[in-house]
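Below is one structure, written out as structure tokens; comments come after it.
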Amino acid sequence: MIYYNHSDISSLEQRFRTNFVNSLSGFRSLNLIGTADLTNNENLAIFNSVFHVGANPAMLGMVIRPNGPEHGTLKNIISTKSFTINNVLKQFYKNAHQTSARYESSISEFTKCNLNSKYIDGFCAPFVAESSIQIGLILQEIIPIKANETTIIIGTIQHVFLNDLILKEDGFLDPMTAETITNCGLDAYYQCDLIARLSYAKPDLEIKLK
């Protein structure tokens, strides 16, 4: 087994260290974040840092790194107080990956990456029409992280569009039915298989398959 301490990691070559740390935690949630500025210029950026915050009220969060192409995303969220989170499917993962390119703020990644935007009345952020799960959120809180100058964005869910086959009777959303893919690191994309759904864990009770 290979061992690295903090000093070892800090001493790694920059690109190697970036790949190493980005893939260290394994599979991550993969989404396209849709925003628009006050003059309706669209922005679309791929993120693998979206996380669950709470169910009541329904909130999701994400981490925005410093000095990245996501800064257009951050500026738009701050100015319009709205954004969308859209899952990525195998059919368009290369298009999604291309949104990480550093396009000028006046250029729409939807157009350049051959994806279609979708709007609803009263909500200025664009959804990704090709996504099977589309979530519209309003800005709830911005949390700056001083340790590495990243920013945590917390949003409250206002709108959800999804195929009815994805939703199970108990409220579970099946990512396999949704054809959602995941990723690891900065450039590796995966499809995942379900092992099992398990019963709620309680002390001294046997875990059962659902």
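Label-to-label distance for THR111 and ALA188 is 3.7 nm, based on points extended 7 Å past Cα in the beta-carbon direction.
Using a Gaussian network for the chain with springs between C-alpha atoms less than 10 Å apart, which of these wobbles most: LEU198, LEU30, LEU139? Looking only at LEU198, LEU30, LEU139, the largest GNM fluctuation is found for LEU198.
Roughly speaking, to the nearest percent, how much of the stretch 1-133's 1.4 Å accessible area is carbon and sulfur? Heavy-atom surface of the stretch 1-133 belonging to carbon and sulfur, 1.4 Å probe: 52 percent. Note on the chain: with a GNM built from Cα contacts shorter than 10 Å, the maximum mean-square fluctuation among ASN114, ASN56, ASN19 falls on ASN56.
Surface listing: MET1, MET176, MET59 arranged by accessible area from highest to lowest gives MET1, MET176, MET59, probe 1.4 Å.
For ILE181, neighbours were defined as the other residues whose beta-carbon sits under 15 Å from its Cβ, and their charges (Lys and Arg +1, Asp and Glu -1) total -2.
The shape of the stretch 71-196 can be summarised by an equivalent ellipsoid whose semi-axes, obtained from the alpha carbon gyration tensor, come to 24, 19, 17 Å from longest to shortest. Per-residue SASA remark: HIS159, around 60 Å² accessible (1.4 Å probe; ligands, DNA and RNA not included).
When the helices of the chain are scored as -39500 (n - 2.57) per DSSP H run of n ≥ 4 and the total is divided over every residue, the value at 222 nm lands at -4500 deg cm²/dmol.
For the pair MET1 and ILE207, label points projected 7 Å from Cα toward Cβ lie 2.1 nm apart.
Sorted largest first, the spans of the alpha carbon positions of the chain along the three principal axes are 58, 50, 33 Å. Tell me, rounded to the nearest percent, the portion of alpha carbon pairs in the stretch 1-81 spaced more than 15 Å apart. I get 69 percent for the Cα pairs in the stretch 1-81 exceeding 15 Å.
Over the stretch 108-182, what is the relative contact order in percent, taking alpha-carbon pairs closer than 8 angstrom and at least six residues apart? Relative contact order of the stretch 108-182: 21 percent. Computed extension gain for ASN22 through ALA147, at 0.36 nm per residue and net of the alpha carbon distance, reaches 43.3 nm.
Solvent-accessible surface (1.4 Å probe) assigned to ILE157 amounts to roughly 50 Å².
With a 1.4 Å probe rolled over the protein heavy atoms of all chains, the accessible area of TYR4, TYR119 falls in the order TYR119, TYR4, largest first.
Surface exposure of the chain, expressed per residue as accessible area with a 1.4 Å probe, stands at 62 Å². For ILE133, the residues 5 or more places off, or on other chains, whose built amide H falls under 5 Å of its own are ASN87.
Taking Cα pairs under 8 Å and at least six residues apart, what relative contact order does the stretch 96-147 come out at, in percent?
Computed over the stretch 96-147, the figure is 19 percent.
In percent, rounded to a whole number, the relative contact order of the stretch 1-67 is 19, using alpha-carbon pairs under 8 Å and six or more apart.
Top to bottom by accessible area (1.4 Å), largest first, where do GLU169, GLU141, GLU42, GLU109 land?
My answer, sorted largest first, is GLU169, GLU141, GLU42, GLU109.
The values are calculated or read from the model by the stated rules, or taken from the named source; none is laboratory data. In this text the structure is predicted, and so the values were computed from the model without any measurement. Neighbour counts run over all protein chains shown; Cβ positions are idealised from the backbone, glycine included. These accessible areas exclude ligands, DNA and RNA; they are computed on the full protein's heavy atoms, side chains included. Shrake-Rupley method; radii C 1.70, N 1.55, O 1.52, S 1.80 Å.
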